[in-house]
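All remarks here apply to the structure that follows.
The values are calculated or read from the model by the stated rules, or taken from the named source; none is laboratory data. Keep in mind it's a predicted model, so treat the numbers as computed, not measured. With ideal geometry, Cβ positions are generated from the backbone for all residues, glycine too; neighbour counts draw on all protein chains shown. Surface areas here come from the heavy atoms of the whole protein model, side chains and all, with no ligands, DNA or RNA. Shrake-Rupley method; radii C 1.70, N 1.55, O 1.52, S 1.80 Å.
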Amino acid sequence: MVKELKRINLFFIILMVFSMVMYLPVNKVKAEDGNTVIINNTEEDNEDEIITNDVKEQDTILKHTTIEIDKQSIFEKDRATLIIKSTYDKEVQYKVVLQSIDRNEWTDITTNYSEGIKAKDSYVKVMPQLLAGKYKVYVFAKLLDSEGTKSMKIGTAEVKYEDLKVIDVTSEQDILPQLKATLASSNVYEGDKVTIKLTSNFNDYVQYKVFIYSNSSKKWSEVTSAYTTAYLGTQETKIETGKLALGDYKIQVRVKKANIPGKYKDSLGDYDTLQSYDVKAVKRPAPPKPAYPEAPKIEPVYVGNASEVERINVRQSASTSSKILGYIYGSTQVLNVLGTSGDFYYVQTRDYETSNVIKGYIRKDYVKKITPVNSYSIVVDISDQKVYIYKSGQLYKTFICSTGGYYTPTPTGRYLVGGRGPSFGQEKGYICYNFIRINYDYLFHSVLHNLDGSIMTSEYEKLGTRASHGCIRLPDAYIKWMYDNIPRNALVVIQD
């Protein structure tokens, strides 16, 4: 019985000892892996604290501290900035350590603790370039000149501290902005500016830079002088070059993420992506000629005040005894009156003899003002060898013609329709029918006929070319219509 009681007492004693051991406080816990943090605790009422990557926030130095990254998104090889703002009322020192979760690598960003940072001051630290992946940023804090009462193993090193915060950071794969650039116009003419329309696939802010290379000077020049201000990549931006001279050019457009050095660099500078365009500045083509000329404007004009076959002299000065510069005939040639001097008009006109434009004086009594009839007007276009008939200001008929040859041209200018006759030329071995005078011997008339009345085929085939001695030849039916319908004093404009 005594032996049994001894066994029972021994069992209870062992049980009590075991229970005491189980409830004693533990000062050290072995980490299962390198990411586990063990914090010493000597208070009997607390359990051991095991802090993994999600470190518990301490209600001490960093309780009211904000820790921010200056970038909304961090891309591979970006350099982000860590900003620590504390309201703690004593000077604090910080140490920042970066952990790559994917590679289980530790990087001591600060090497040592910072200098003392006063309350409300910010501690700013530029982080290293990050490869794509997930990271944790450990911000250790302790009071100035303190040793730190807690410790954490970082790789093979040990960090002592008072307080700790951990933030998660993700570095995304580096996505470079891709250009979507187009030229506003495919045709570039001498003196044009080239407008470049720019967008990007990048849903963030970008900057553009434009260069232009001249094949004649063999040099690059900057269009933008530097990278532009930041634009949202998906919004269209326009950049315009200066005026281009004739020649071949290459326009190069560069883009990079805003406020970040470009990933690549060459002799022209840094960039993320670039595109080039070949441009040729050429002579601007002449504007297309209208299908037909505008109708002449009917307004009062000055003409000679004499018979249409009477000569009127143009003098060098306002005197009948001054030198004769040239002359006109009668009342069909329109004068440009520039001014007056006593009894003379100062005029600009075309000398009948030489067809040269001259300026001189004509006595006022040899000049009159008249308004052309407004029923019909005529334009003779030497360039296309056509006669255009206008009725009340609207194109009514178009006739093919032949004006003077290159050595015997038809004088340009404004004239009034004068007298007319059934024919002329018989004494010279040919016949022209239905002539209408516009400037003495310059006439509208038919093509040449033989004396028997038959058409000279060789002359008829010249219609549409410059072939006459200065008159305006037309097919028989056309000149006959004009002869019967165009009244005296109708305005005639001859132009080239």
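Looking at the range 161-180 only, could you name the residues that are open to solvent by 40 Å² or more (accessible area, probe 1.4 Å), within 30 Å of Leu144 (Cβ to Cβ) and in contact with a Gly (Cβ under 8 Å, 6 or more places away or on another chain)?
Across the range 161-180, the qualifying residue is only Glu162.
With the range 304-365 as the region, which strands (runs of 3 or more DSSP E) entirely inside it contain at least 1 residues that are within 56 Å of the chain's Cα centre (by Cα) and more than 23 Å from Ile438 (Cβ to Cβ)? Give the derivation first.
Working: elements: 311-315, 324-329, 334-341, 344-350, 357-363.
Ranges flagged: 334-341, 344-350, 357-363.
Looking at Glu158, Glu190 in this structure, which one is acidic (Asp, Glu), over 53 Å from the mean Cα position of the chain (by Cα) and either loosely packed, with under 14 Cβ neighbours inside 10 Å or modelled with pLDDT of 95 or more (or both)? Before you say what the answer is, go through the steps one by one.
Values: Glu190 fails: over 53 Å from the mean Cα position of the chain (by Cα).
The match here is Glu158.
Answer yes or no as to whether Ile479 is over 26 Å from Lys369 (Cβ atoms), touching a residue at least 24 places away in the same chain (Cβ under 8 Å) and more than 51 Å from the chain's Cα centre (by Cα).
Taking the combined requirement at face value, the residue satisfies it.
In this structure, does Thr349 turn out to be among the β-branched types (Val, Ile, Thr) and surrounded by 14 or more Cβ atoms within 10 Å (Cβ to Cβ)?
yes
If only one of Ser375, Ser319, Ser355 is more than 18 Å from Arg414 (Cα to Cα) and surrounded by fewer than 20 Cβ atoms within 10 Å (Cβ to Cβ), which one is it?
Just a single option satisfies the conditions, and that option is Ser319.
Could you please let me know if Ser375 is small (Gly, Ala, Ser), more than 30 Å from Tyr249 (Cα to Cα) and assigned to a loop (DSSP other than H, G, I, E, B)? Walk me through how you get there before you give the answer.
Numbers: small (Gly, Ala, Ser): yes; more than 30 Å from Tyr249 (Cα to Cα): yes; assigned to a loop (DSSP other than H, G, I, E, B): no.
Judged against the criteria, Ser375 is not a match.
Report, by residue number, each residue of the range 143-155 that is at negative phi and open to solvent by less than 40 Å² (accessible area, probe 1.4 Å).
Hits for the range 143-155 are Ser146, Ser151, Met152, Ile154.
Out of the range 47-87, which residues are open to solvent by less than 40 Å² (accessible area, probe 1.4 Å) and either in contact with a His (Cβ under 9 Å, 6 or more places away or on another chain) or at pLDDT below 80 (or both)?
Ile51, Asn53, Val55, Gln58, Phe75, Asp78, Ser86
What single numbered condition from (1) over 18 Å from Lys134 (Cβ atoms); (2) at pLDDT below 50 fails to hold for Asp33?
With (1) over 18 Å from Lys134 (Cβ atoms); (2) at pLDDT below 50 applied to Asp33, the lone miss is (1).
Applying the selection to the range 122-131, what residues are at pLDDT 90 or above and either open to solvent by 50 Å² or more (accessible area, probe 1.4 Å) or aliphatic (A, V, I, L, M) (or both)?
Step one: of the range 122-131, the residues at pLDDT 90 or above are 122-128.
Scanning the range 122-131 gives Ser122, Val124, Lys125, Val126, Met127.
Out of all the residues in the range 295-303, is one or more among the charged types (D, E, K, R) and without any contact (Cβ under 8 Å) to a residue 12 or more places away in the chain?
yes
For the list (1) within 16 Å of Thr273 (Cα to Cα); (2) open to solvent by less than 80 Å² (accessible area, probe 1.4 Å); (3) under 21 Å from the mean Cα position of the chain (by Cα); (4) in contact (Cβ under 8 Å) with a residue 40 or more places away in the chain, I need the number of the one condition that Tyr205 fails.
So the condition that Tyr205 fails would be (2).
Identify the single condition in (1) modelled with pLDDT of 95 or more; (2) exposed (fewer than 12 other Cβ atoms within 10 Å of the Cβ) that Phe140 does not satisfy, given that it satisfies every other one.
Looking at each condition in turn, Phe140 falls short on (2).
Enumerate the pairs (first residue in the range 125-138 and more than 11 Å from Arg79 (Cβ to Cβ) and without any contact (Cβ under 8 Å) to a residue 12 or more places away in the chain; second residue anywhere and part of a strand (DSSP E or B) and hydrophobic (A, V, I, L, M, F, W, C)) with beta-carbon separation below 9 Å, excluding pairs fewer than 6 apart on the same chain, so at least 6 apart or on different chains.
none
For the range 107-181, give me every one of the strands (runs of 3 or more DSSP E) that falls completely inside it and has 3 or more residues that are within 21 Å of Lys85 (Cβ to Cβ).
Details: elements: 122-126, 133-143, 150-154, 157-161, 163-172.
Where strands (runs of 3 or more DSSP E) fall fully within the range 107-181 and carry at least 3 residues being within 21 Å of Lys85 (Cβ to Cβ), they are 122-126, 133-143, 163-172.
For residues that are without any contact (Cβ under 8 Å) to a residue 12 or more places away in the chain and within 17 Å of the chain's Cα centre (by Cα), scanning just the range 219-267, find the one that is most open to solvent (accessible area, probe 1.4 Å).
Of the residues in the range 219-267, the ones without any contact (Cβ under 8 Å) to a residue 12 or more places away in the chain are 219, 221, 225, 261-262, 264-267.
Narrowing the set further to residues that are within 17 Å of the chain's Cα centre (by Cα) leaves 221, 225.
Numbers: Ser221: 56, Ser225: 90 Å².
Once the filter is applied, the top-ranked residue is Ser225.
So, in the range 88-121, exactly how many residues are under 16 Å from Ile167 (Cβ atoms) and open to solvent by 30 Å² or more (accessible area, probe 1.4 Å)?
So in the range 88-121, the residues under 16 Å from Ile167 (Cβ atoms) come out as 94-101, 106-107, 109-110.
From the residues that got through so far, the ones that are open to solvent by 30 Å² or more (accessible area, probe 1.4 Å) too are 101, 106-107.
Residues that pass the stated criteria total 3.
Can you pull out every residue in the range 113-144 that is more than 50 Å from the chain's Cα centre (by Cα) and closer than 16 Å to Gly155 by Cβ?
Phe140, the sole residue that qualifies.
Restricting to the range 273-303, and then to whatever is among the charged types (D, E, K, R) and either open to solvent by less than 100 Å² (accessible area, probe 1.4 Å) or part of a loop (DSSP other than H, G, I, E, B) (or both), can you tell me which residue is nearest to Thr332 (Cα to Cα)?
Only one residue tops the list, namely Glu299.
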